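Read-outs: derived from the displayed coordinates by stated rules, not from any lab. As the structure is a prediction and not an experimental result, all values here were calculated from the model. We place every Cβ from the backbone using ideal geometry, glycine too, and count neighbours over all the protein chains shown.
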Amino acid sequence: MKLQIKPLSDLIGKDIPYPYYATAGAAALDLHACLEVPVTIPAGGRALIPTGLAVAIPDGCVGVVAVRSSMGIRNGIALSNGIGVIDSDYRGPLGVGLLNTTGEPYTVRPGDRVAQLMVLPVLCPEIEVVDELPATERGQGGLGSTGR
């Protein structure tokens, strides 16, 4: 299986790296900000950061974009939509919507690693409308119902 990547900017492969797995055990590719100048996200603000790429997610898979944990923990930066879903039939540019959850401005610089891209298999079960769902031990117990 291959992930086809199409550069949309002349900066890719020169000033901005192609996506890569940072370690041999990494589950996701690092995505970089494809910017010519820094972008500052104001406190509580949002920004769409281009990656300069389009991808062809393999059939039967989905691309999942997640924020890098260090951005969230160290800098209070999250994805503006929580998580990004790239369908296998989408061929447009990849952008990363970032949300600054802090009270201070945050600056994204050209080439910064801003997100991760995972490619995962997808199940698309047939939909069946029923009057009752199968019973389980937990049943309708919600938040905190398991004692943890």
Please list 3J(HN,Hα) in residue order for region 83-96, calculated via the Karplus relation 6.51 cos²θ - 1.76 cosθ + 1.60 where θ = phi - 60°; whole Hz, with x for glycine and proline.
7, x, 10, 10, 6, 5, 9, 8, 10, x, x, 8, x, 10
Charges at C-beta only: +1 for Lys and Arg, -1 for Asp and Glu. How large is the resulting dipole of region 27-121 about its Cα centre, in Debye rounded to 20?
240 debye
GNM flexibility winner over the chain from TYR90, TYR18, TYR106 (Cα, springs under 10 Å):
TYR90
Note down the nm distance, to one decimal, between modelled labels 7 Å out along Cα→Cβ at SER69 and at ASP87.
3.2 nm
The farthest towards the positive end of the charge dipole of the chain, of the residues PRO7, LEU120, THR136, given +1 on Cβ of Lys and Arg and -1 on Cβ of Asp and Glu, is PRO7
Given the DSSP H assignment, sum -39500 (n - 2.57) over each helix run of at least 4 residues in the chain and divide by its residue total; what's the result at 222 nm in deg cm²/dmol, nearest 500?
-1000 deg cm²/dmol
If amide hydrogens are placed 1.01 Å from N in the peptide plane, which non-local residues have theirs closer than 5 Å to the one on HIS32?
VAL114
How much length, in nm to one decimal, is gained on full extension between ASP10 and ALA56, taken as 0.36 nm per residue of separation minus their Cα-Cα distance?
14.6 nm
Listed residues ASP30, ASP59, ASP87, most fluctuating in the chain (Gaussian network, C-alpha, under 10 Å):
ASP59
For ILE41, list long-range residues whose amide hydrogen, built 1.01 Å from N in the peptide plane, is under 5 Å from its own amide hydrogen.
TYR106, THR107, VAL108
Which of LEU3, LEU120, LEU35 has the fewest Cβ neighbours within 10 Å, and the rest in rising order:
LEU120, LEU3, LEU35
With the label point 7 Å along the Cα-to-beta-carbon line of THR23 and a cut-off under 13 Å to each amide N, the hits in region 110-140 are none
